[in-house]
Amino acid sequence: MRNSNTLLIGKVLLDFSSLPSTNQYAQEWLAAERPDEGAVVSARAQTQGKGQGTTAWESEPGRNIALSVILYPYFLPAVSHFLLSQTIALGARDFVASYVPGQVTIKWPNDIYINNRKVAGILIQNTLNGSRFQTCIAGIGINVNQTEFPAHLPNPVSFAASTGSTFELAELRESLFLCLEEWYLKLKAGETEQIRQTYLNNLYRFRTDARFRRADGSIFEGRITGVTDQGRLLIRHSDGEEHFDLKEVSFI
Ligand code: BTN
């Protein structure tokens, strides 16, 4: 149940049948006025869904969740951007874990996996004011009722593919809002150690022998030992411990 210290993620909800991108709409909305904190832009279909970096987010119209949450984390120093990313990922992970069996983990930095397959992606776009946060758009795409995926996507999965059931999207969305709010309120309350520790406890391949590929193509075996406060991945291998930024390493 929501207590008085709530923000009511999703209380204001713009529900579109189609948009180019919910993150883009949220950006335009923020440029035009100041939506309530927790306001959500949701779309049944996106024609130009954005993924991490230069990638696109592809999602079959009407079958999945694609939404963006607007937050104002003024309380957070800009250097803590990874903590915010961890917080959103934990909310999304808990949400997925409450509906599907199997191991639900966060693949660094913030993909959500069911066993060895990606069920959800997160695209966070922040603006800063000096050394503090000003706005945050947390864009979340979750594969729900889609069961067939384009061949070029490496390892997709959905709720339906992993359970054999179909799901009511509006109901799921409400549950996602509660999970996100729970973790965001922890961040706001300063429960940062719990966030860092729970993130590691749910990190895909944490402390497990695995193979990785560097950006230069070299392959190595190692174990993820942690993430830095700046969000770099730490992997221990035969030559010691190495730090990686996004795009500097991939999982094999
Ligand atoms: C990724 O894994 O590459 C991130 C995917 C993020 C997709 C979501 S869907 C809702 C929101 N709007 C977008 O255009 N992208 C994010």
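The values are calculated or read from the model by the stated rules, or taken from the named source; none is laboratory data. In this text the structure is predicted, and so the values were computed from the model without any measurement. Backbone-built Cβ (ideal geometry, glycine too); neighbour counts: all protein chains shown. All accessible areas refer to the heavy atoms of the entire protein, side chains included, with ligands and DNA or RNA removed. Shrake-Rupley method; radii C 1.70, N 1.55, O 1.52, S 1.80 Å.
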* Structure fact -> Among residues of the range 138-152 being more than 21 Å from TRP183 (Cα to Cα) and of a type outside the set (A, V, I, L, M, F, W, C), the residue nearest to the ligand (Cβ to nearest atom) is ASN143
* Identify the residue in the range 1-19 that is in a loop (DSSP other than H, G, I, E, B) and more than 14 Å from ILE70 (Cα to Cα) and, among all such residues, is modelled with the highest pLDDT. => THR6
* The lone exception for ILE88 - which of (1) open to solvent by 20 Å² or more (accessible area, probe 1.4 Å); (2) outside any loop (DSSP other than H, G, I, E, B) it fails -> (1)
* Within the range 124-136, is there a residue that is assigned to a strand (DSSP E or B) and charged (D, E, K, R)? -> yes
* Checklist (1) surrounded by fewer than 18 Cβ atoms within 10 Å (Cβ to Cβ); (2) closer than 13 Å to PHE133 by Cα applied to PRO73, failing item -> (1)
* Out of THR225, THR198, which single residue is more than 16 Å from the chain's Cα centre (by Cα) and not aliphatic (A, V, I, L, M)? -> THR225
* Out of PRO73, PRO101, sole residue that is more than 15 Å from the ligand (Cβ to nearest atom) and within 17 Å of the chain's Cα centre (by Cα) -> PRO73
* Answer yes or no: is there a residue in the range 34-48 that is open to solvent by 10 Å² or more (accessible area, probe 1.4 Å), near the ligand (Cβ under 8 Å from one of its atoms) and at pLDDT 95 or above. => yes
* To do: Could you pull out every one of the helices (runs of 4 or more DSSP H) wholly within the range 151-252 that has 1 or more residues that are surrounded by fewer than 15 Cβ atoms within 10 Å (Cβ to Cβ) and among the hydrophobic types (A, V, I, L, M, F, W, C)?
  => 169-188
